[in-house]
1. Projected onto the charge dipole of the chain (+1 at Lys/Arg Cβ, -1 at Asp/Glu Cβ, origin at the Cα centre), which of T60, I133, G196 gives the Cα projection farthest towards the positive end?
2. Mind pulling the angle between the C-alpha long axis of helix 176-190 and the longest principal axis of the chain? Nearest 10 degrees, somewhere in 0 to 90.
3. Between beta-carbons, use under 12 Å as the cut-off and find the net charge around Y110, counting Lys and Arg +1, Asp and Glu -1.
4. From the backbone phi of segment 96-108, what are the Karplus-calculated ³J(HN,Hα) couplings (6.51 cos²θ - 1.76 cosθ + 1.60, θ = phi - 60°) in whole Hz, Gly and Pro given as x?
5. For segment 60-116, which trypsin sites (Lys or Arg not before Pro) pass both filters: DSSP loop (anything but H, G, I, E, B) and at most 10 other C-beta atoms within 10 Å?
6. May I ask which of K43/K85; K41/K85; K156/K192; K99/K189; K160/K189; K164/K192 have a Cα-Cα span longer than 26 Å here?
7. Would you calculate the convex hull of the Cα atoms in segment 21-134 and tell me its volume per residue in Å³?
8. How big is D for the chain, in µm² s⁻¹ as a whole number, if Stokes-Einstein is applied with the Kirkwood radius of its Cα pairs at 10 °C and 1.306 mPa s?
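What follows is calculated from the coordinates using simple rules that are stated; it is not laboratory data. Remember, predicted model here, so these are calculated numbers, not experimental data. With ideal geometry, Cβ positions are generated from the backbone for all residues, glycine too; neighbour counts draw on all protein chains shown.
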Amino acid sequence: MLVVVLSWLCSSALASVSGGKLPEAELESQVLHRPFICRRKSKYGDMLLVHHDGFFENGTMFHSSRNHGNKQPMWFTLGIREVLKGWDLGLQDMCAGEKRKLVIPPALAYGKEGKGKIPPESTLTFIVEVMEIRNGPRSHESFQEMDLNDDWRLSKDEVKAYLKKDFELHGYPPNDTLHETMAEEIFAKEDKNKDGYISSREFTYKHDEL
Ligand SMILES: *[C@@H]1O[C@H](CO)[C@@H](O)[C@H](O)[C@H]1NC(C)=O
Ligand SMILES: *[C@@H]1O[C@H](CO)[C@@H](O)[C@H](O)[C@H]1NC(C)=O
Ligand SMILES: [Ca+2]
Ligand SMILES: [Ca+2]
């Protein structure tokens, strides 16, 4: 309740400084089901496996991952604009097994233009169920796993050790020549300041968008 009041106070204060213009419609998010046991909560950079149903404002369903296409849930990375902005914002802090209803204003969905069967300026409602949460390839957890000596930067040896482990995990024989080449390529791209290490800042996704 307090949170609602506070956020209302803030948005009306903002509206008055911006010349009394109506505040832009906000994302509405409602928890429909939260499992009793929650091992971890979704956050920026995580990979989420979700089932989702999408509805127009008049209640007509325009998509259901359970009934359309290959009927499989979908993997995506949270927070990097791989999906609608409204999803990136509205699917944070979720447990595996949790179900939410999101009402997403056009500005956080398909905007003025619309897309395909989504008409311009559509407010969309989604029921999203998170089936599984995994560390994203660029998560802090992945970084910590690779950073063997905990100095918050990845040396070439740490990257090679990780590649070797990853190969073995997937049933491939380790191959030093190949790992060397792969590490070279990774460093050429990721070691932005060319100091011979990949820092955690260089490794993780930029956080600016949210
Ligand atoms: C509901 O809205 C969508 C999008 O505007 C439209 O395509 C559809 O025909 C509407 N359905 C009904 C039953 O009005
Ligand atoms: C290791 O990788 C290199 C480069 O891809 C390849 O030429 C070589 O045959 C591989 N060696 C083994 C033992 O698989
Ligand atoms: Ca290190
Ligand atoms: Ca660096």
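1. Farthest towards the positive end: T60.
2. That works out to roughly 40 degrees.
3. +2
4. 5, x, 7, 10, 10, 10, 10, 10, 10, x, x, 4, 9
5. Working: sites: R66, K71, R81, K85, K99, R100, K101, K112, K115; in loops: R66, K71, R81, K112.
For trypsin sites (Lys or Arg not before Pro) across segment 60-116 that sit outside H, G, I, E and B with at most 10 neighbouring Cβ atoms in 10 Å, the list reads K71, K112.
6. Numbers: K43/K85 14 Å; K41/K85 19 Å; K156/K192 14 Å; K99/K189 38 Å; K160/K189 15 Å; K164/K192 24 Å.
From the list (K43/K85; K41/K85; K156/K192; K99/K189; K160/K189; K164/K192), the Cα-Cα distance tops 26 Å for K99/K189.
7. Working: hull volume 12.9 nm³, N = 114.
Residue-normalised Cα hull volume stands at 113 Å³.
8. Working: Rh = 20.1 Å.
It comes out at roughly 79 µm²/s.
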